[in-house]
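Written out below as structure tokens is the structure these notes cover.
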Amino acid sequence: MRLRAAHVRVRVPATSANLGPGFDALGVALGLHDEIDVRALGTPEVRVEVTGEGAGEVPDGEDHLVVRALRAALDHVGAPQTGLHLVCRNRVPHGRGLGSSAAAVVAGILAARGLVADPAALDDDVALALATRLEGHPDNAAPALLGGLTVAWSDDALAGGLAAADLPPVRAARLAVHPDVAPVAIVPPGHLSTHAARGVLPAQVPHADAAWQAGRAALLVEALGRRPDLLLAATGDRLHQGYRRAVMPASLALVDALRARGVAAVVSGAGPTVLALARATGEGATDADAAVADAFGGVMAGWRVLPLPVDATGGTVATLLD
């Protein structure tokens, strides 16, 4: 397959996965975006310029995650590899549980979609499978790609058709979020790797906890879509957050403090960001504002409070004319 464009721009949102009980399945896209210009070059060089989050920390060549994802997507559709010049304007915090790696992976795949002659070869199903192969899980990749609230799952019926391409058999459904839901990300100053956060999880959990969790996950879909008044009950969790207390004590203490004040607070993804699924009260305010201020006692100590609307669009790609 040939390339049809030489210059594209992709825009991909931050995401929050799990949302309490929806471990490795539920995720939501948030109104904070990385924007990346990708130019195909006539020479083999690779240049990556980064401003904002990750500047001076992430690789600036072939090891950059956007480049790796783009190359994997080009290989998948049989398109030629090319030299690349990336200009990345990053706003999604790194290592904070807001889907920065999923945003990079989805950005690379969408950039490939914009460059190739047949974008349909990298449709959403293929893009999600490619992103999951690179990410390991679809819970952040799905909302980054599709926008809104997403439910991702493995579909064994797909396994045979995807086996030849070595793609995981994953699917995702996009769901609308009630307009009164107003997410607030409370971002700590420190990083935490997903590997470290997953490393403290047990291999098995009690059957009673799993059954309890299934009920909360089902309730959360109803709460986010139609009944925001149920969010506090719906965001309960027994599968992962408690086990992670040792590696993010400040985050879990904040979750406890906010929930005691009636706010539906959870760990965002693998943390350490805390996500409050608040309700809008008008003029940019939410019902969580006073509780957040009270929990910190006026001393934020480097934490940032970011009101972030739900992003209903997901990742986009546009061709640029030089």
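Looking at the stretch 213-222, which of the residues that are buried (at least 17 other Cβ atoms within 10 Å of the Cβ) and out of contact with any strand residue (DSSP E or B) (no Cβ under 8 Å at 6 or more places or on another chain) is farthest from PRO21 (Cα to Cα)?
The extreme case among them is LEU219.
Can you tell me how many residues in the stretch 242-261 are part of a loop (DSSP other than H, G, I, E, B) and among the basic types (Lys, Arg)?
Of the residues in the stretch 242-261, the ones part of a loop (DSSP other than H, G, I, E, B) are 245-248, 261.
If we keep only those that are among the basic types (Lys, Arg) as well, we get 245, 261.
Result for the stretch 242-261: 2.
Give ALA176, ALA265 a once-over and let me know the one that is open to solvent by 50 Å² or more (accessible area, probe 1.4 Å) and not aromatic (Phe, Trp, Tyr).
Working: ALA265 fails: open to solvent by 50 Å² or more (accessible area, probe 1.4 Å).
Answer to the selection: ALA176.
Given (1) open to solvent by 40 Å² or more (accessible area, probe 1.4 Å); (2) modelled with pLDDT of 95 or more, identify the lone condition not met by GLY160.
The failed condition is (2).
Residue-by-condition table, conditions (1) farther than 22 Å from VAL46 by Cβ; (2) touching a residue at least 24 places away in the same chain (Cβ under 8 Å); (3) of a type outside the set (A, V, I, L, M, F, W, C):
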{"site": "HIS85", "(1), (2), (3)": "no, yes, yes"}
{"site": "ALA112", "(1), (2), (3)": "no, yes, no"}
{"site": "ASP125", "(1), (2), (3)": "yes, yes, yes"}
{"site": "GLY136", "(1), (2), (3)": "yes, no, yes"}
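Taking the stated definitions as given, is LEU74 over 26 Å from GLY269 (Cα atoms) and assigned to a helix (DSSP H, G or I)? I'd like the intermediate steps shown before the answer.
Numbers: over 26 Å from GLY269 (Cα atoms): yes; assigned to a helix (DSSP H, G or I): yes.
Against the criterion (over 26 Å from GLY269 (Cα atoms) and assigned to a helix (DSSP H, G or I)), LEU74 qualifies.
Six or more apart or on different chains, Cβ atoms under 7 Å: show the pairs whose first residue is in the stretch 67-78 and within 18 Å of PRO168 (Cα to Cα) and whose second is open to solvent by 50 Å² or more (accessible area, probe 1.4 Å) and aliphatic (A, V, I, L, M).
Short answer, once both residue conditions are applied: ALA69/LEU134; ALA72/LEU134; VAL77/MET1.
Can you pull out every residue in the stretch 77-95 that is outside any loop (DSSP other than H, G, I, E, B), surrounded by 20 or more Cβ atoms within 10 Å (Cβ to Cβ) and over 22 Å from the mean Cα position of the chain (by Cα)? Walk me through it before giving the result.
First, the residues of the stretch 77-95 that are outside any loop (DSSP other than H, G, I, E, B): 77, 83-90.
Now restrict to residues that are surrounded by 20 or more Cβ atoms within 10 Å (Cβ to Cβ): 84, 86, 88, 90.
Hit for the stretch 77-95 is LEU84, nothing else.
So VAL200 clears everything in (1) open to solvent by less than 60 Å² (accessible area, probe 1.4 Å); (2) modelled with pLDDT of 95 or more except one condition, right? Which one?
(2) is the only condition that VAL200 fails.
So how many residues does the stretch 286-302 have that are under 14 Å from ALA185 (Cα atoms) and either at pLDDT 95 or above or open to solvent by less than 40 Å² (accessible area, probe 1.4 Å) (or both)?
Summing the residues that are under 14 Å from ALA185 (Cα atoms) and either at pLDDT 95 or above or open to solvent by less than 40 Å² (accessible area, probe 1.4 Å) (or both) in the stretch 286-302 gives 4.
Could you list all residues from the stretch 21-68 that are open to solvent by less than 40 Å² (accessible area, probe 1.4 Å), of a type in the set (D, E, K, R) and modelled with pLDDT of 95 or more?
Let us first name the residues in the stretch 21-68 that are open to solvent by less than 40 Å² (accessible area, probe 1.4 Å), namely 21-22, 24-34, 36-38, 40-41, 46, 48, 50, 54, 61, 64, 66-67.
Going one step further and asking which of them are of a type in the set (D, E, K, R), we end up with 24, 34, 37.
Matches in the stretch 21-68: ASP34, ASP37.
Of everything in the stretch 250-262, what is within 23 Å of SER100 (Cβ to Cβ) and either at pLDDT 95 or above or crowded, with 17+ Cβ neighbours inside 10 Å (or both)? Give them in sequence order. Please lay out each step first, then the result.
Our first condition is that a residue be within 23 Å of SER100 (Cβ to Cβ); within the stretch 250-262, this holds for 250-252, 254-255.
Across the stretch 250-262, the qualifying residues are SER251, LEU252, LEU254, VAL255.
Which one of the conditions (1) on the phi < 0 side of the Ramachandran plot; (2) open to solvent by less than 10 Å² (accessible area, probe 1.4 Å) does ASN18 fail to meet, given that it meets all the rest?
Here ASN18 clears every test but (1).
The values are calculated or read from the model by the stated rules, or taken from the named source; none is laboratory data. The model shown is predicted, which means the values in this text are computed figures rather than measured ones. FYI the Cβ positions are ideal-geometry reconstructions off the backbone, even for glycines, and counts take in every protein chain you see. Remember, those area values only see protein heavy atoms, side chains included, never the ligands or the DNA or RNA. Shrake-Rupley method; radii C 1.70, N 1.55, O 1.52, S 1.80 Å.
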